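Step one of this worksheet: look at the structure below.
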Amino acid sequence: MAGLHTARIGQNVFAHDEVVSTQPLAHEAAAKGAPEGTLVLAEQQTGGRGRLGRPWHSPKGTGIWMSLIVRPAIPIPKTPQMTLLTAVTIARTIREETGVPVKIKWPNDIFCGDKKVCGVLTELNAESDRVNYLVIGIGLNANSVQSDFPEELSEIATSLRIESGDEVKRVDFIQQFCRNFEEEYDHFLQHGFQRVKQEWEKHSYSIGRWVSVQTISQMFEGRAVGLDDEGVLMVEDRAGIMHKVYSADVNYRAN
Ligand code: BT5
């Protein structure tokens with residue numbers, strides 16, 4: 001992208017009109033040796049996906065649907081930190097580019113008020129216990145109007161345009177995201193997770209809220225109190241026992 005001024009992130013771009021999903025295309029490109037920072041973009045996805053096979057609604061021209069390839073030299077257990085880093089970076093870019101106040105809901109959602117404006121999907125490719133690459137999928141409702149959302153999303157989804165009243169210049173937004181990501185990522189690689197943790201906690205939707213947690217092995221309720229130094233969500237249950245929540249789905253309660 002012209003005028004980008006990054007060393008790696010966004011320097012190699014595959015821009016598509018209509019695709020099923022940018023995720024498999026990024027996996028294919030990464031497997032063929034695409035350099036770190038490669039971005040796969042699409043105007044429309046016909047089979048956009050979220051976590052656990054959930055669908056991601058990605059109509060034409062309204063959003064930023066993209067997948068970023070990174071190759072961090074970090075141990076596999078630290079790779080969820082890259083999701084938090086991405087969420088922090090998206091939230092910062094939204095604040096800078098639109099002024100819309102957003103919060104980060106653990107682990108991978110960006111919220112405006114109580115509605116989702118963006119989701120992050122991180123997929124790992126590893127070889128013999130080593131990170132080969134990550135594909136970080138980002139779905140951001142930039143310029144959707146209310147009627148772009150199907151009925152099942154109309155109460156739970158929003159867009160930057162709905163929130164601010166202004167159209168988002170998507171290329172400018174993506175360029176700023178790339179600059180911010182590179183800065184945050186380089187800091188993370190050199191100095192570790194601490195800065196991401198602080199930013200995440202500062203802009204967290206989750207901390208202080210009552211949540212119910214359903215893991216493979218148990219179900220409990222408690223208050224989200226923060227992240228540990230590895231980026232794991234700490235939840236204190238009613239008996240005062242602290243739980244570490246890894247990739248479980250967290251549901252939020254009113255009280
Ligand atoms: C996510 O999953 O939030 C990750 C979404 C990642 C999408 C990007 S787009 C580029 C790349 N290519 C892909 O195919 N995927 C990535 P999850 O936390 O599982 O949330 C999925 C849920 O969000 C759905 O079950 C819906 O309830 C809701 N949802 C679907 N589409 C939405 C949208 N456009 N806006 C807000 N919420 C949506």
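Tabulated results
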| read-out | value |
| --- | --- |
| Rg/Rh for the stretch 10-67, where both radii come from Cα atoms and Rh is the Kirkwood radius | 0.97 |
| Estimated distance in nm for a label pair at residue 146 and residue 237, the labels positioned 7 Å out from Cα along Cα-to-Cβ | 4.2 nm |
| Cross-link reach list, lysines versus residue 169, counting only Cα pairs under 17 Å and skipping chain neighbours closer than eight places | 60 |
| Cα gyration tensor shape for the stretch 1-110, rounded if a/c is under 1.5, else prolate or oblate | rounded |
| Distance histogram for the chain (every C-alpha pair counted, 10 angstrom bins, percent rounded to whole numbers) | 7, 31, 38, 20, 4, 0 |
| Convex hull volume per residue for the stretch 210-252, taking Cα atoms only, in Å³ | 64 Å³ |
| Amide proton proximity set for residue 158, modelled H, under 5 Å, gap of 5+ | 116, 117 |
| Virtual paramagnetic centre 7 Å along Cα→Cβ of residue 194, amide N under 14 Å, in the stretch 205-247 | 229-230 |
| Listed pairs 32/103; 116/244; 32/105 exceeding 26 Å between Cα atoms | 32/103; 32/105 |
| Translational diffusion coefficient (Stokes-Einstein; Kirkwood radius from C-alpha pairs) of the stretch 175-237 at 37 °C, 0.692 mPa s, in µm²/s | 245 µm²/s |
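Every number in this text was worked out from the coordinates using simple rules, so none of it is lab data. Since the model is a prediction, treat every value here as computed from it, not as a measurement. Don't worry about glycine lacking a Cβ; one is built from the backbone with ideal geometry, like all the others, and counts go over all protein chains shown.
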